[in-house]
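Comments concern the structure below.
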Amino acid sequence: MFRISPTPLELPALRAPLADARAGALVTFEGWVRDHNEGQAVQSLAYEAYVPLAEAEGERILAEARAHFGLLGAVAVHRVGHLALGDLAVWVGVTAAHRAAAFEACRYIIDEAKSRLPIWKKEHYASGTTAWINCATRAGPATAKPRG
């Protein structure tokens with residue numbers, strides 16, 4: 001399950017569908033709004049997304065990870081809207097029979113999401129200026145294939 005959310009992320013609800021007696025590992029990634037980027041003091045972020053395409057491509061990324069890493073479950077959610085320092089911007093969770101597959105798959109999902117999803121980030125700086133960051137996307141699966 002991949003989705004874009006305009007509301008704060010609730011961790012227990014995100015983790016719940018991953019419960020599986022066959023799983024020996026749960027690996028999660030949390031991306032938070034930090035107070036700096038490339039030497040600039042950041043006050044907040046605003047995310048925008050083309051939701052239908054982002055959710056469809058996000059589902060493709062999760063399907064790739066399930067197939068390549070033999071996952072038992074995979075969930076990812078990305079926030080949109082205005083986020084304050086410390087807010088949770090993105091969450092990825094995967095379950096697998098073994099930890100190696102879970103770690104590799106979680107990293108694959110977040111790396112592909114940052115690269116392929118039509119999500120744009122605007123940083124608001126302490127200086128009063130703003131800048132759009134990481135606005136490039138590319139189509140299709142990664143050129144470096146996942147191991148598995």
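The values are calculated or read from the model by the stated rules, or taken from the named source; none is laboratory data. Every value quoted in this text rests on a predicted model; they were computed, and no experiment measured them. Cβ sites come from the backbone with ideal geometry, for glycine too, and all protein chains shown count toward neighbours.
Selection within the range 109-148: residues that are of a type in the set (A, V, I, L, M, F, W, C), touching an Asp or Glu at 6+ places or on another chain (Cβ under 7 Å) and not in a strand (DSSP E or B). The member of this set that is modelled with the highest pLDDT is LEU117.
Scoring TYR47 on the criteria (1) in contact (Cβ under 8 Å) with a residue 12 or more places away in the chain; (2) outside any strand (DSSP E or B) leaves a single failure, condition (2). Scanning the range 78-110 for residues that are of a type in the set (A, V, I, L, M) and buried (at least 23 other Cβ atoms within 10 Å of the Cβ) yields a total of 7. Residues that are within 14 Å of the chain's Cα centre (by Cα) and closer than 21 Å to ALA126 by Cβ do not occur anywhere in the range 4-20. Could you tell me whether the range 20-27 includes any residue that is surrounded by 15 or more Cβ atoms within 10 Å (Cβ to Cβ) and in contact with a Cys (Cβ under 7 Å, 6 or more places away or on another chain)? Within the range 20-27, one or more residues are surrounded by 15 or more Cβ atoms within 10 Å (Cβ to Cβ) and in contact with a Cys (Cβ under 7 Å, 6 or more places away or on another chain).
Residues in the range 83-99: is at least one of a type outside the set (Gly, Ala, Ser), part of a helix (DSSP H, G or I), under 15 Å from ARG15 (Cα atoms) and touching a residue at least 24 places away in the same chain (Cβ under 8 Å)? The answer is no; no qualifying residue exists.
Could you tell me whether the range 2-14 includes any residue that is of a type in the set (A, V, I, L, M) and part of a strand (DSSP E or B)? Checked against the condition, which is being of a type in the set (A, V, I, L, M) and part of a strand (DSSP E or B), the range 2-14 yields at least one hit. GLY70 meets the stated requirement of being more than 15 Å from the chain's Cα centre (by Cα), loosely packed, with under 15 Cβ neighbours inside 10 Å and either charged (D, E, K, R) or farther than 30 Å from SER127 by Cα (or both).
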